[in-house]
1. Could we say that B:Val68 is out of contact with any Asp or Glu (no Cβ under 9 Å at 6 or more places or on another chain), modelled with pLDDT under 85, assigned by TED's automatic domain parsing to the domain that holds B:Ile128 and among the aliphatic types (A, V, I, L, M) here?
2. Residue check: is B:Val125 at pLDDT 95 or above, outside the structural domain of B:Leu113 (by TED's automatic domain parsing) and among the aliphatic types (A, V, I, L, M)?
3. Got a number for residues in the stretch A:124-149 being surrounded by 15 or more Cβ atoms within 10 Å (Cβ to Cβ), more than 14 Å from chain B (Cβ to nearest Cβ) and outside any helix (DSSP H, G or I)?
4. Answer yes or no as to whether B:Val119 is farther than 15 Å from B:Ala181 by Cα, surrounded by 20 or more Cβ atoms within 10 Å (Cβ to Cβ) and within 12 Å of chain A (Cβ to nearest Cβ).
5. Looking at B:Ser141 and the list (1) within 23 Å of A:Pro36 (Cβ to Cβ); (2) in a helix (DSSP H, G or I); (3) within 9 Å of chain A (Cβ to nearest Cβ), which single condition is not satisfied?
6. Hey, could you check the stretch A:51-87 for residues that are within 14 Å of chain B (Cβ to nearest Cβ) and among the hydrophobic types (A, V, I, L, M, F, W, C) and say which is nearest to A:Arg137 (Cα to Cα)?
7. If I filter the stretch B:60-75 for residues that are more than 10 Å from every other protein chain (Cβ to nearest Cβ), among the aromatic types (Phe, Trp, Tyr) and either surrounded by 10 or more Cβ atoms within 10 Å (Cβ to Cβ) or free of Cβ contacts under 8 Å to residues at least 60 places away in the same chain (or both), do I get at least one hit?
8. Answer yes or no as to whether B:Pro10 is part of a loop (DSSP other than H, G, I, E, B), at pLDDT below 85 and outside the structural domain of B:Val119 (by TED's automatic domain parsing).
Amino acid sequence: MTVPGSLRRTGIAAAAAALIILTSAQAARAQIDGCPGNAGGPGDKVVVGSVAEVAGAVGGRLSRALLAAFEMRFEKADSELRKEAMILYCDGRRVRDIGSYSAGVVDVLNDDQVLLEVGARADGTDIVVTYVVIPIRHYVFFQDGQRSIPGYHQSVYEQSRISAGLQDLFKGNAELRLMAALALALRYEKIADAETDAVRRVALVHRSRAFYCDAIGSLEATRPHGDLLGLEVPEWEALRDFAHAGAERLFQKATADPGYVSTLSVVASERDGQSSACVS
Amino acid sequence: MASDDKASAPAAPPPNLAEALVALAKVIGPEREAPSGSGLVKMLKGLAEALLPSIVMFVLGFIFIQGVELDLKREEFTASAADKLRSYVNDLVASKAETPEEEEELRATALALGGFGGVAAIPLVSIIEHGGDQRITAAKSGLIQAGRVAPDLTCSVIASVVDDPTGAYEWQTRKAVSEVAGLVGCAGAEAPLRDLRPRIAAIDGLTAEQRANFEHTVDEALKRIEAAARRKQGWFS
């Protein structure tokens, strides 16, 4: 079979173009736009978008201080965010509008084990912090079609509260803790669903439930106070319902497994009649 | 008496115009044919014989020149298309897609690249392999476009990526391309997808969640390809 000259020439150009891409590619797959080279590696990640818009030029010291502000402990899961995920400051990435987090983009980020993307921007005298909870946006919003919980949430803070520096925006931030706990809870739930080994599955169900319980523990601190700061009321209610439903669902999964019930110190019959599935 | 006979006989009908013209033609005919052997005809005939080779050469030359010009134009078009293809690829690789406008531009460039059909398939797969959440999403749109423009060539590239006999591609690339195979309805990718499905569990470095999502994508792609094949059969049956 003979190939026409024009097709051959365009084909050569295509091959050359592919070569350009391959030669310009870094050693590691640059999966997350605007993030450092190690962002494409394995493991869960929390991506912190550029804060240059609110803090000016971000030097090494500020970026380290920002990352340090992401230290938080999850009591029920007996873990820390740093143990669970790599915190990445991505100077070349800004948290974008909700429309940018399409099903395709979120699918890529979920495959790359991104748990949460956080970013801040100024809005008059306030600062708006955006939280994109990737597993919720991927599984709950796009796959399950639950429109009340988009996995893209914004919380408003007064700039005056950030007295000691921008890192105070994230240090001890209840909303951040709630979002991180929910992201981890759903991530562990999905891993548990896919796990074929029964023993490992039980451990994963336990961890997922524990993170839902940590999220429930953060709810009160994030409750909107009607001063237009913090989360929007309908969003907070949707997140609250999601956390409670998750904890209950995982509790049901756990108690459906006779081998797992014996590891719970308190089972359903011993609970005091409250709705919490987190007593254990 | 005789005059009475004449008078009593019916009068002959007057000759009509057609008969009159025929009679006239018969009369002048020999005079019209006379010049056939004249010097004028001989001269014209000789002239035509002398010019015939030149006329034939002129026509053949004209056809040849037109053909060469067409080839040159085609080459110019191909060179311009190749330049465009390269610039689209550069734009896709270099784009940061930080703003919604840049995201739209990225997607438009990928769709324009996909418009080249099969020749764009390999660069688009390479862009998916290169990575970047916005870039991958745009390149997938471009690959779907290429699949619509030139299904055979594009599906052949898609099938080779799904098959990946040399292990050249990341699992994310194969997952993305598997999804495109379903959306385009690549019948040629069905066998590689069926072959890949049980082997996903053996791919190194995947979490249980990633494995399950990859398997789900392949299952969905197979469903779409089967549905497309059924519809095709339906049209022809």
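1. When the stated conditions are applied, B:Val68 passes them.
2. Taking the combined requirement at face value, the residue does not satisfy it.
3. Within the stretch A:124-149, residues that are surrounded by 15 or more Cβ atoms within 10 Å (Cβ to Cβ), more than 14 Å from chain B (Cβ to nearest Cβ) and outside any helix (DSSP H, G or I) number 9.
4. yes
5. (1)
6. Among those residues, the one meeting the criterion is A:Ala85.
7. Yes - at least one qualifying residue is present in the stretch B:60-75.
8. Yes, satisfied.
The values are calculated or read from the model by the stated rules, or taken from the named source; none is laboratory data. Keep in mind that what you see is a predicted model, and the values were worked out from it rather than measured. Cβ sites come from the backbone with ideal geometry, for glycine too, and all protein chains shown count toward neighbours.
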